[in-house]
1. Between A42 and E243, take the C-beta separation as r, use R0 = 30 Å, and let me know the FRET efficiency to the nearest 0.05.
2. Run the simple label-point estimate for L197 and N255 please: 7 Å along Cα→C-beta, distance reported in nm.
3. Taking 0.36 nm per residue of separation and subtracting the Cα-Cα distance, what length does fully extending K172 through E279 add?
4. Can you flag which of K113/K179; K235/K270; K235/K281; K127/K209; K127/K176; K148/K176 are past 22 Å Cα-Cα?
5. Here are labelled values, (i) 0.95; (ii) 1.06; (iii) 0.99, and one is the computed Rg/Rh (Cα atoms, Kirkwood Rh) for what I pasted. Which one?
6. Suppose each label sits 7 Å from its Cα in the direction of the beta carbon; what would the K127-M15 distance come out to in nanometres?
7. Given a Förster radius of 30 Å and the C-beta distance between A150 and F91 as r, what FRET efficiency does 1/(1 + (r/R0)^6) yield to the nearest 0.05?
8. Over what distance in Å are the Cα centres of the range 118-169 and the range 189-211 separated?
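Each reported figure results from applying straightforward, stated rules to the coordinates on display, with no laboratory input. Keep in mind the model is a prediction, meaning the values are calculated, not measured. Note that each Cβ is placed from the backbone with ideal geometry, even for glycine, and that neighbours are counted across all protein chains shown.
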Amino acid sequence: MQGYHTISIPDAGHMLYMPTELAYCDTNQYVAFNELLYKWNANEISYEDLRIHAIYKLLNIEKSTIKLNSIEEQNKLSNIYALSELIDSFFDVSEEKYTVKLNFQHNPMEIIKPMFDTHHGPSDYFKNVTFGQYLDGLNLYFEYATHKEAHLLNMLLATFYLPKYNPETVEKEAKKLEKYPIGYAYGMFTFFGAFQLFINDTQVSWEGKTIDLTILYKEIGPEGYKSDIPSLGMKSVAYQLAETGVFGDYEKVRNTPLWEVILRLYDMRKRDIDNYKQEQKLKNKQK
């Protein structure tokens, strides 16, 4: 079964299937694993603890309350530890550094029901997200990556799971989300990271043509000047688009669907590259 580890338990006559990575987790598994990722990254648990807890969560195994003799207990722990090594498939390993695999663009938490509330989040590929939501989410994503403060995760969750996005109410709504397991908020952080990897290094099909989004992040020309003053990043892009008026003023740019903006940026970048290449040809002819 592709995407799953097959685990046979002959004595009980059971066959269990465990996801090989986040891409194959259902909602409950995804949230549970992300809670462990949060605790691991916060140094609350070790990697070995993460692996063992993950086995119980992913296979939905209840910890037995039946008292076992020492040999039975040792056998049980040995079996759990052996299974826990399968959790390594969730990670890319390089020089003993473990990085969780983010090979997915579907949202495992598109609909969440943590308690009595139902929240709808981003659809696959962030197709139902506005550019403004993405901008604010991007800022919170990098802020959390830098400062590791849990309230930033809840603000990221609120940014994408409000019934109607309003940046002025995000902080207030984020406080309400603190009652939910942290796996939901960290799950949104993980999904956002997967999307960032996707648009930073991928190709998409549009009207039968292959669109290479990597050109959005490439320097034009070998001498490409880089300022030593930090830029505003994508927020600067929003201001530039507002100046062109192609989508309207700044607020209208923010309310534009994300993918409309991405395709417009691609078109602008393509023209810049084409113009540069044309200028280089003319210079070479003049030599």
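1. 0.10
2. Computed distance between label sites L197 and N255 equals 3.6 nm.
3. Full extension from K172 to E279 adds 33.3 nm.
4. K235/K281; K127/K176
5. Here Rg/Rh (Cα atoms, Kirkwood Rh) agrees with entry (ii).
6. 3.4 nm
7. 0.85
8. Between the Cα centres of the range 118-169 and the range 189-211 lies a distance of 18 Å.
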